[in-house]
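First the structure, which I've put down as structure tokens, then a few questions once you've had a look.
The values are calculated or read from the model by the stated rules, or taken from the named source; none is laboratory data. Model, not experiment: these values are computed from the prediction. Using ideal geometry, Cβ is built from the backbone for each residue, glycine included, and neighbour counts are taken over all protein chains shown. Surface accessibility is based on the protein's heavy atoms, side chains included, excluding ligands, DNA and RNA. Shrake-Rupley method; radii C 1.70, N 1.55, O 1.52, S 1.80 Å.
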Amino acid sequence: MKLLDKHYIIPIFVPHLGCPHDCIFCNQRKIASSCTNINEKEIREIIDRYLSYFKKDCFIEIAFYGGSFTAIDIETQRNFLKIALEYKEEGLIDEIRLSTRPDSIDDFILTHLKKYKVDTIELGVQSLSNEVLYKSGRGHTKEDVYRAVELIKKYNFNLGLQMMLGLPGDNLERSLYTAKKFIDLKPQCVRIYPTLVIKETYLQEMVLENKYKALKLEEAVDISTKLLMLFYINEINVIRIGLQPTENIQLGKDVIDGPFHPAFRQLVEANIYKLVLSSFIDENILDIKASRLYIFVNSKNVSNIAGHKSKNIKYLKTKYGFGDIKIYNRDIDQKNIILRIDDYDYKINVNKYMKKYLNKVNIINEENRSV
Ligand code: SF4
């Protein structure tokens, strides 16, 4: 039996293949650390190499990333997909996923992808504001996104949606609008990418000409916190936040500006717990006499509760005067936290406090529906 919690990806980068032009923020050759177009022999080598690392009982997916897969010439698509299908039919991998542009989806393409047993299509949407899409040189509109999503669902593929924040013309309101529309489209997964300024992109020129200002790290964490809370309370699986750091995807190397952090997701998750814990304490514990706070959580949440470099611990100590804060693993649901203060245990439902926070900052209404 396959262990679904051991989900492994075999990434095959097809940098910029199929893309009709360069979007202003994109330099896939830098992002994917690859300068050459991949060929079939290399694809087989990559798959075999990854398969040799993975255990047999894991759930394994081949993923074609980094270009506009369905806009590549059809013969090349066939040759690549044939290889993935061969491994799938031999039972060596479980699923096939690919990412592409919303305006490169039609009946012909989806019929062809079905033939090769593709499971998941991820759309690089980036924004559902036509102004942001235009200013970012995407070359498609939000109407193309809605059309593509409808077709992908009609053909019964799993749907992934990718959004960016901080693109030219974007702001908190537009990012929230995009996230809320994503929720209505009910994707199986979402990725969130704060915009980074990568070398040799048009965005770099805009920075040099003072026509674009990247988000600061704190701003990007704040917006991503709100987006992630929205997705969490609507039970949408967010599979990535922030560009994967590589040897060159680092500030001072190929990233010349923008909210880059190697542990960006942890900053966001930790910020959620900071907001949840402090709003629970503010609301429920009026008179803190204890010098110690004990926090019991699922083992998966320990580092997020503590925060990057124990930032949350320091924050709670300073704000509430606790002399000591200890965090312990407990066999409890990830959605709950137990606080022990003055020998009394308080159970916090994290979802409830995320909703309260989003309500307080006017992002959702009392009933929690997001739009
Ligand atoms: S963002 Fe996507 S569509 Fe635009 S150039 Fe990069 S890979 Fe191609």
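Looking at I60, I43 in this structure, which one is over 24 Å from the mean Cα position of the chain (by Cα) and either more than 20 Å from K117 (Cβ to Cβ) or not in a loop (DSSP other than H, G, I, E, B) (or both)?
Testing whether each residue is over 24 Å from the mean Cα position of the chain (by Cα) and either more than 20 Å from K117 (Cβ to Cβ) or not in a loop (DSSP other than H, G, I, E, B) (or both) leaves just I43.
In addition: In region 282-300, what count of residues is obtained for those that are crowded, with 20+ Cβ neighbours inside 10 Å and at pLDDT below 95?
1
Right, another one. Need pairs with beta-carbon distance below 7 Å; first residue at positive phi and within 12 Å of the ligand (Cβ to nearest atom) and within region 120-134, second open to solvent by 10 Å² or more (accessible area, probe 1.4 Å) and not in a strand (DSSP E or B); sequence gap 6+ or separate chains.
Q126/R138
Considering only residues of region 228-243 that are hydrophobic (A, V, I, L, M, F, W, C) and assigned to a strand (DSSP E or B), which is most open to solvent (accessible area, probe 1.4 Å)?
Here the residue is I239.
Which condition does K213 not pass, out of (1) within 25 Å of N158 (Cβ to Cβ); (2) without any contact (Cβ under 8 Å) to a residue 40 or more places away in the chain, if it passes all the others?
(1)
Kindly provide the set of residues from region 249-264 that are within 27 Å of Y232 (Cβ to Cβ) and touching a residue at least 60 places away in the same chain (Cβ under 8 Å), ordered by number.
I249, G258, P259, F260, F264
Looking at S127, S68 in this structure, which one is in contact with a His (Cβ under 9 Å, 6 or more places away or on another chain), crowded, with 17+ Cβ neighbours inside 10 Å and of a type in the set (G, A, S)?
Of S127, S68, the one residue that is in contact with a His (Cβ under 9 Å, 6 or more places away or on another chain), crowded, with 17+ Cβ neighbours inside 10 Å and of a type in the set (G, A, S) is S68.
While we're looking at this one, here's another question. When you go through (1) of a type in the set (D, E, K, R); (2) open to solvent by 30 Å² or more (accessible area, probe 1.4 Å); (3) not in a loop (DSSP other than H, G, I, E, B) one by one for R191, which number turns out not to apply?
(2)
If you don't mind, another one. Step by step: first the residues of region 9-23, then only those that are closer than 13 Å to N37 by Cα and open to solvent by less than 10 Å² (accessible area, probe 1.4 Å), then the one that is farthest from the ligand (Cβ to nearest atom). Which residue is that?
Top of the filtered list is I12.
Can you tell me which residue is surrounded by the fewest Cβ atoms within 10 Å (Cβ to Cβ) among those in region 71-85 that are over 27 Å from the mean Cα position of the chain (by Cα) and away from the ligand (no atom under 16 Å from the Cβ)?
E75
Given I10, I31, which one is within 24 Å of the chain's Cα centre (by Cα), closer than 23 Å to Q162 by Cα, of a type outside the set (F, W, Y) and at pLDDT 95 or above?
After ruling out the rest, the residue left standing is I10.
Of all residues being within 15 Å of K311 (Cα to Cα) and not small (G, A, S) in region 262-271, which is surrounded by the most Cβ atoms within 10 Å (Cβ to Cβ)? Just the residue, please.
Checking each candidate, the answer is V268.
Next question. Taking the options T246, T225, name whichever one is touching a residue at least 40 places away in the same chain (Cβ under 8 Å) and in a loop (DSSP other than H, G, I, E, B).
Residue meeting the stated conditions: T246.
Right, something else. Restricting attention to region 200-222, which residues are over 30 Å from K356 (Cα atoms) and part of a helix (DSSP H, G or I)?
The answer is Y202, L203, Q204, E205, M206, V207, L208.
Hey, can you tell me all the residues within region 340-356 that are open to solvent by less than 60 Å² (accessible area, probe 1.4 Å) and at pLDDT below 95?
Listed by number, the residues that qualify are I341, Y346.
Name the single residue, out of those in region 86-111 being under 17 Å from N158 (Cβ atoms) and not β-branched (V, I, T), that is nearest to the ligand (Cβ to nearest atom).
Taking the candidates together, the pick is S99.
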